[in-house]
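Worksheet: the structure to be examined is printed underneath.
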Amino acid sequence: MPSLPCPDPVSVRLHVDPCFRPCQALEGDEIYPNGIFEFNITRLSAYIGAAGRFRPELVALDDIPPAGKSAGLNKLAVIAEIAPGRYNLIDGHHRVAKARLEGVPSIPAYRIRCPQHVAFLTSTRAYEAYVEYWNSKVDDAAGNRPVRNRTRRLRGSRAVGSGVNQSMRRDRPGC
């Protein structure tokens, strides 16, 4: 799936945090499924609003790849970093579609960098797969691919986490 490039990619490896808990979905929560990676959009949106440190930026519609469907209209689109410097639209699909139909060149959107959105994964399985996926993309970007198989290391672990610090987990609304 194509994704939105970013001029200043984040290339930090994720580390297992034994205190991390997946963000559970409550009835009525909007979930963005991207294969095994499911994000709780309702809780992520609440976090964006409550955190006070996210600022929308204008994103050209030509830079937003077509993606899945969303359950409803949102005030702002959300794009999440899915690999170092690469973004996918995870919320605001109807808004983007409407803007394209109207010929609008760009829309305001929140750009959520990794590891900020990792706290909103909805399962341990998704988290473990995401850590492995993200770290492989960091290795690819750096040009050094480790010989050992990271899957074996993660599979035997009951610990989950993302390198997201304790204060962020406490601050995420509803998780």
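Being farther than 16 Å from GLU57 by Cβ and small (Gly, Ala, Ser) is the filter here, so list the residues in the range 82-114 that pass it. Once the filter is applied, which keeps residues that are farther than 16 Å from GLU57 by Cβ and small (Gly, Ala, Ser), the range 82-114 yields ALA83, ALA97, GLY103. Tell me yes or no: at least one residue of the range 5-17 is surrounded by fewer than 17 Cβ atoms within 10 Å (Cβ to Cβ), of a type outside the set (D, E, K, R), over 22 Å from LEU89 (Cβ atoms) and at pLDDT 85 or above. Taking every residue of the range 5-17 in turn, none turns out to be surrounded by fewer than 17 Cβ atoms within 10 Å (Cβ to Cβ), of a type outside the set (D, E, K, R), over 22 Å from LEU89 (Cβ atoms) and at pLDDT 85 or above. For the range 29-58, give me each residue that is in a strand (DSSP E or B) and over 13 Å from ASP91 (Cα atoms). PHE37, GLU57, LEU58, listed by residue number.
Quick check, is ARG172 closer than 19 Å to VAL16 by Cβ, basic (Lys, Arg) and either modelled with pLDDT under 90 or out of contact with any Ser or Thr (no Cβ under 6 Å at 6 or more places or on another chain) (or both)?
Yes: the conditions hold for ARG172.
Considered as a group, the residues in the range 101-128 that are surrounded by fewer than 22 Cβ atoms within 10 Å (Cβ to Cβ) and among the β-branched types (Val, Ile, Thr) include one that is farthest from ASN34 (Cα to Cα), and that residue is VAL104.
Can you name the residue in the range 64-84 that is assigned to a loop (DSSP other than H, G, I, E, B) and of a type in the set (Gly, Ala, Ser) and, of all such residues, is modelled with the highest pLDDT? Per the stated criteria, the residue is ALA67. Taking the range 39-63 as the range and being at pLDDT 85 or above and among the hydrophobic types (A, V, I, L, M, F, W, C) as the test, the residues that pass are PHE39, ILE41, LEU44, ALA46, ILE48, ALA50, PHE54, LEU58, VAL59, ALA60, LEU61. Listed by first and then second residue, the pairs linking a residue in the range 1-24 that is under 21 Å from LEU44 (Cα atoms) and assigned to a strand (DSSP E or B) to a residue that is at pLDDT 65 or above and of a type in the set (Asp, Glu), with Cβ atoms under 6 Å apart and 6 or more places separating them unless they lie on different chains, are LEU4/ASP63.
Residue check: TYR87 meets all listed conditions (1) modelled with pLDDT under 90; (2) more than 27 Å from GLU132 (Cβ to Cβ) but one, namely (2).
Taking the listed residues PRO105, PRO146, the one that is of a type outside the set (S, T, N, Q), at pLDDT 90 or above, over 15 Å from the mean Cα position of the chain (by Cα) and more than 25 Å from ARG53 (Cβ to Cβ) is PRO105, with no other qualifying. Looking across the range 18-34 at every residue that is under 13 Å from the mean Cα position of the chain (by Cα) and surrounded by fewer than 19 Cβ atoms within 10 Å (Cβ to Cβ), the one that is modelled with the lowest pLDDT is identified as ASN34.
The values are calculated or read from the model by the stated rules, or taken from the named source; none is laboratory data. Note that the coordinates shown come from a computational prediction; the quantities given were computed from them, not determined experimentally. Neighbour counts are summed over all protein chains in view; Cβ atoms, including those assigned to glycine, are modelled from backbone coordinates with ideal geometry.
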